[in-house]
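One structure is given here, and the rest of the page talks about it.
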Amino acid sequence: MGLAGAEIRRAKLRFGLLTGAVSLLIFLVLLLSTLSSALVGALVGALEGLNADGIVYADFARDNIAASRMDPSVVTSIASVDGVVAASAVATFTTAANLTGAQADVQVFGFSPNAPGAPQGLSDGRLPTTAGEIAIDGGGATIGDVITLDPAGTSLTVVGLLRGAQFNALPTMYTTLDTYAEAFALTNPGLPFVPINAVAFDVADGADASAVAQRISSEIPDVTGYALDEAVALIPGIESISQSFGILVGLTFVIGIVVIGFFFLILTVQKLRPFTLLRAIGTSTPRLAATVASQIVLVVLIASLIAVGLTLAAVQGLNTGLPVTVQPSLILGVVVSVLIFSLLAGALSIRRIARIDPASAVGAR
Amino acid sequence: MNDSGSLLQVNDVSKVYGTGHTAVTALDQATMSVDQGEFVALLGPSGSGKTTLISIVGGLLAATSGTVTLGDIEVTALSRKDLTRFRAERVGFVFQSANLVPFLTARENLLYVATLVKTPKKAAQQRADQLLEELGLADRAKNLPEQLSGGERQRVAIGRALMNDPDLVLVDEPTASLDTALGRQVVQLLRREIKDRGKTGIMVTHDLRMVEYTDRVFEILDGHLTHVESPSTLGH
């Protein structure tokens with residue numbers, strides 16, 4: 001007969017309330033993490049998912065792709081830098097479009113198929129390969145839809161759907177550089193040439209993208225190169241958003257662990273008399289410790305199930321305008337972390353149990 | 001059995017708390033032997049050392065000096081881990097208070113101790129039911145301790161003490177929280193169960209009226225243990 005199970009059965013309200021409290025805390029951690037990830041993804045997913053090892057901006061852009069303007073001829077110069085195996089232009093601008101019957105702002109990216117700078121995260125269809133085709137993330141578009149850019153008037157057919165490829169939290173469409181140039185020129189008439197915003201590059205397998213990026217920065221005038229992860233971290237505002245959410249998630253996590261630890265410590269102190277009796281009649285300390293540990297595991301696992309259900313329901317029910325998805329790896333990570341740290345917090349209780357003197361059951365001390 | 005032929009042999013056992021000027025001798029060279037099947041009383045006022053003595057005998061407390069042997073086991077030589085096992089397998093305890101696990105039913109309190117010695121489930125259930133029947137508690141088996149009267153709780157504790165078929169049953173002030181009539185009933189029951197099963201029992205009490213149910217009486221005063229030859233003279 002399990003002491004842990006028997007106690008839980010006979011103290012359903014107490015353990016129910018604890019499980020409820022823990023599940024709400026895990027729910028908060030999961031929801032905040034999911035929203036944070038969705039927000040960051042919507043802001044910079046396009047760069048995070050760029051199929052390239054590094055990216056190069058104009059110096060004056062201050063690490064912001066939207067502010068960067070470069071002459072397309074710089075691509076050849078970058079491609080010739082030692083360590084670069086391929087380089088290709090990436091261009092982007094914000095315009096309006098007729099999306100599923102309504103006018104909306106959209107972000108348009110131009111890239112070269114089968115070259116550095118193509119998007120990743122294709123969930124359906126294919127990437128565009130010829131003029132007039134787009135792949136899109138967001139906006140409610142489906143494959144086969146025709147989207148008209150405004151004021152360019154360019155009509156684009158959706159051939160692929162992407163996930164996690166948005167930029168600036170806008171529906172984001174990817175097309176070939178030729179189509180991009182046409183739309184850009186129609187939107188900004190009178191320009192002598194269509195500028196590109198950045199150059200994406202690949203390095204040889206095993207080469208250090210950061211070192212190659214530094215070489216590009218030093219060899220090519222007026223440009224700054226970054227390994228892709230460096231570029232993502234440097235996007236203005238992203239670090240602040242990540243840190244703010246990180247603090248919220250971290251505090252919720254810590255409070256959750258402290259609540260669990262204190263609860264079981266209080267429970268243990270309340271049970272010192274029966275625990276002393278159990279020690280006196282021949283129960284070992286490890287067995288009592290296992291009782292507390294198994295109760296922690298049970299409470300956290302049930303609370304996790306409830307929290308996952310709540311999170312999935314919240315994600316379905318919330319209309320944030322962001323492409324919110326709950327990652328299984330996040331659930332697993334949070335649940336395992338809560339479990340591990342809860343058991344560590346439970347060590348306070350186990351330490352108290354280990355100090356029980358069985359002789360006190362007969363008042364010999 | 002030990003060399004003396006008694007089941008329990010206590011030789012020159014002392015217990016001193018503290019050191020130097022603050023040292024307090026709770027038990028001073030106590031010596032006693034108890035045969036198998038005997039039920040003896042340990043009398044003495046509060047603080048005399050009787051609880052210290054049964055704690056040492058039951059493996060709950062380490063002696064400062066001296067030896068305790070139960071059958072072929074030298075209790076005072078056992079490690080902390082072995083003492084835990086010794087208490088589960090060889091000793092049954094009936095304590096004065098905090099006697100039952102509050103979140104286990106009467107039957108579960110008995111079954112739990114069987115798990116400590118890994119008794120097969122079915123055999124444990126049969127023995128628990130049999131003991132509860134003998135103790136008049138068959139209809140209270142599913143009740144939690146808080147739903148039982150003081151006398152019923154003590155009877156459940158007696159059942160638990162006998163559950164693992166121990167060699168020695170140690171009873172600490174079993175009548176302390178009971179009225180006289182109920183106290184007598186409990187001690188009579190205790191004697192019957194110990195005698196019927198051929199166990200050895202030591203009962204700590206300060207209630208002289210309970211002495212008549214025991215075979216022999218020991219008295220402790222200020223840590224000194226003596227055998228009382230004529231219990232009828234006690235209290236006079």
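Structural remarks
- Going through (1) part of a helix (DSSP H, G or I); (2) within 14 Å of another protein chain (Cβ to nearest Cβ); (3) closer than 19 Å to B:Phe103 by Cβ one by one, A:Val269 falls short only on (2).
- Per the listing B:Val156, B:Val171, the residue uniquely more than 14 Å from B:Glu38 (Cα to Cα), under 18 Å from the mean Cα position of the chain (by Cα) and aliphatic (A, V, I, L, M) is B:Val156.
- Selection of segment A:329-365 for residues being touching a residue at least 24 places away in the same chain (Cβ under 8 Å) and within 14 Å of another protein chain (Cβ to nearest Cβ) yields A:Ile353, A:Ala354, A:Ile356, A:Asp357, A:Pro358, A:Ala359, A:Ser360, A:Ala361, A:Val362.
- Close Cβ contacts (under 7 Å, 6 or more residues apart or on different chains) running from residues in segment B:111-138 that are away from chain A (no Cβ under 14 Å) and at pLDDT below 95 to residues that are buried (at least 16 other Cβ atoms within 10 Å of the Cβ) and in a loop (DSSP other than H, G, I, E, B) comprise B:Leu132/B:Ala141.
- Selection count, segment B:14-33, where residues are more than 10 Å from chain A (Cβ to nearest Cβ), of a type outside the set (S, T, N, Q) and surrounded by fewer than 23 Cβ atoms within 10 Å (Cβ to Cβ): 8
- Sole residue being buried (at least 16 other Cβ atoms within 10 Å of the Cβ), at positive phi and not in a strand (DSSP E or B), chosen from A:Gly139, A:Gly144: A:Gly139
- A:Leu3 being closer than 16 Å to A:Thr325 by Cα and in contact (Cβ under 8 Å) with a residue 40 or more places away in the chain: no
- Screening A:Gly225, A:Gly190, A:Gly164 for residues that are loosely packed, with under 14 Cβ neighbours inside 10 Å, in the same structural domain as A:Ala52 (by TED's automatic domain parsing) and either part of a strand (DSSP E or B) or on the phi > 0 side of the Ramachandran plot (or both) leaves exactly one candidate, A:Gly190.
- As a summary of the residue check, A:Leu122 satisfies the conditions (1) touching a strand residue (DSSP E or B) at 6+ places or on another chain (Cβ under 6 Å); (2) under 20 Å from A:Val199 (Cβ atoms) except for the one numbered (2).
- Check on A:Ser360, in a helix (DSSP H, G or I), of a type outside the set (Val, Ile, Thr) and within 30 Å of B:Ala63 (Cα to Cα): yes
- Residue in segment B:129-140 that is at positive phi and either among the β-branched types (Val, Ile, Thr) or under 19 Å from the mean Cα position of the chain (by Cα) (or both) present: no
- Residues located in segment A:105-133, provided they are closer than 19 Å to A:Gly164 by Cα, in contact (Cβ under 8 Å) with a residue 60 or more places away in the chain and among the small types (Gly, Ala, Ser): A:Gly110, A:Gly117, A:Ala118, A:Gly121
- Count of residues meeting criterion [of a type outside the set (A, V, I, L, M, F, W, C), touching a residue at least 60 places away in the same chain (Cβ under 8 Å) and more than 22 Å from A:Ala211 (Cβ to Cβ)] in segment A:69-90: 3
- In segment B:70-106, the residues that are at the interface with another protein chain (Cβ under 8 Å from one of its Cβ atoms), without any contact (Cβ under 8 Å) to a residue 24 or more places away in the chain and farther than 17 Å from B:Lys118 by Cβ: B:Ala98
- With respect to (1) more than 9 Å from every other protein chain (Cβ to nearest Cβ); (2) modelled with pLDDT of 95 or more, the lone exception for B:Gly49 is condition (2).
- Put simply, of A:Ser36, A:Ser68 the only residue that is under 19 Å from A:Glu219 (Cα atoms), in contact with a helix residue (DSSP H, G or I) (Cβ under 9 Å, 6 or more places away or on another chain) and crowded, with 17+ Cβ neighbours inside 10 Å is A:Ser68.
- Boolean, B:Ala63 is within 14 Å of chain A (Cβ to nearest Cβ), of a type outside the set (D, E, K, R) and under 27 Å from B:Glu229 (Cα atoms): yes
The values are calculated or read from the model by the stated rules, or taken from the named source; none is laboratory data. Everything numeric in this text was worked out from a predicted model, so none of it was measured. Cβ atoms come from the backbone with ideal geometry, glycine included; neighbour counts cover every protein chain shown.
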